[in-house]
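Working notes, beginning with the structure itself.
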Amino acid sequence: MPASPAFGLNQIRQISVNVQDPERATAFYRDALGMKYLFAAGPLTFFDCGGIRLMLARPERPELDHPGSILYFSVTDIHEAQRTLAERGVRFQDKPQLIAKLETVDVWLADFRDSENNLLALMSEAPRA
């Protein structure tokens, strides 16, 4: 049965990231990335990402134990953000790279790994001069 045309998913409330060591991962996201810690519920830890909740959790079943999707964190100045995070011990794959020159902005990315080896990225859309 097709969905009603008025219905559509349009907001992400929470994203879960698989971790093997919850304490290490919590410290990384809180201390190295400087994310706002919300609360812990048993083995689950929650952070605020501009209104979207990020949950760190051990996979509940073997079929769920795999690397997660790539999370792209929006930053204004990607070079400064990369320097700041690198000073906190964050491992970047490369320096920020110009990915696309759009009509009004340049899109930059910088990939890095969390404490659990999940791939994450910084993303900046810099206005063109």
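Values in this text are rule-based calculations from the coordinates and carry no lab data. All of these numbers come straight from a predicted model, not from anything done at the bench. Positions of Cβ are backbone-derived with ideal geometry, glycine not excepted, and every protein chain shown enters the neighbour counts.
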Less than 14 Å Cβ to Cβ from PRO96, Lys/Arg counted +1 and Asp/Glu -1: what total charge do the surrounding residues give? -4
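Divide by every residue of the chain the summed helix terms, -39500 (n - 2.57) for each DSSP H run of at least 4, and state the resulting mean residue ellipticity at 222 nm, rounded to the nearest 500 deg cm²/dmol.
Value at 222 nm, helices only: -3500 deg cm²/dmol.
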In Å and whole numbers, how far do the C-alpha atoms of the chain stretch along each principal axis, longest first? 48, 47, 26
If I model a spin label at ARG30 and ARG88 as a point 7 Å from the Cα along the Cα→Cβ vector, what separation in nanometres do I get? 1.3 nm
Need one number: % antiparallel among DSSP beta bridges in the chain, to the nearest 5. 75 percent
Put a dot 7 Å past each Cα toward the Cβ at ALA100 and GLN11; how far apart are the dots in nm? 2.6 nm
